[in-house]
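Have a look at the structure below, then the notes.
The values are calculated or read from the model by the stated rules, or taken from the named source; none is laboratory data. The shown structure was predicted, so the numbers you read here are calculated from the model rather than taken from an experiment. All Cβ positions, even for glycine, are placed from backbone atoms using ideal geometry, and neighbour counts span all protein chains on display.
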Amino acid sequence: MKSYETVWEIYNKCANNQMRDIFIDEIETEDTDAYVRNKFKDKEITFEKTVLENGTIVYDITATGMKERLSFTEIE
């Protein structure tokens with residue numbers, strides 16, 4: 001199983017507030033798509049997946065109208 005450092009960002013819906021909630025964690029998974037679907041299983045979601053040059057996997061997510069981002073960086 002692969003280990004990842006995850007960074008989960010929840011963007012603020014308030015137009016005048018540019019701050020966001022950020023949570024950092026370490027997880028193990030073989031399938032990041034399945035991890036994202038399971039994390040948001042109680043919400044209606046859409047997401048766009050991008051793999052950066054350094055291997056980091058970034059999901060730009062809309063979960064029940066909220067913009068969120070979940071990034072996975074593999075821990076070696």
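For the stretch 50-61, the condition of being in contact (Cβ under 8 Å) with a residue 60 or more places away in the chain, of a type outside the set (Lys, Arg) and not in a loop (DSSP other than H, G, I, E, B) holds for none of the residues. Does Asp21 qualify as being surrounded by fewer than 16 Cβ atoms within 10 Å (Cβ to Cβ), in contact with a strand residue (DSSP E or B) (Cβ under 9 Å, 6 or more places away or on another chain) and assigned to a helix (DSSP H, G or I)? In short, no.
The condition of being closer than 16 Å to Trp8 by Cβ, at pLDDT 95 or above, among the basic types (Lys, Arg) and in contact with an Asp or Glu (Cβ under 8 Å, 6 or more places away or on another chain) does not hold for Lys67. The criterion of being over 14 Å from the mean Cα position of the chain (by Cα) and over 29 Å from Glu76 (Cα atoms) holds for Gly65. Using the structure shown, decide if Glu44 is modelled with pLDDT under 95, under 10 Å from the mean Cα position of the chain (by Cα) and either more than 19 Å from Ile75 (Cβ to Cβ) or surrounded by 12 or more Cβ atoms within 10 Å (Cβ to Cβ) (or both). No: the conditions fail for Glu44.
For the stretch 62-76, residues that are closer than 16 Å to Glu26 by Cα, assigned to a loop (DSSP other than H, G, I, E, B) and of a type outside the set (A, V, I, L, M, F, W, C) total 1.
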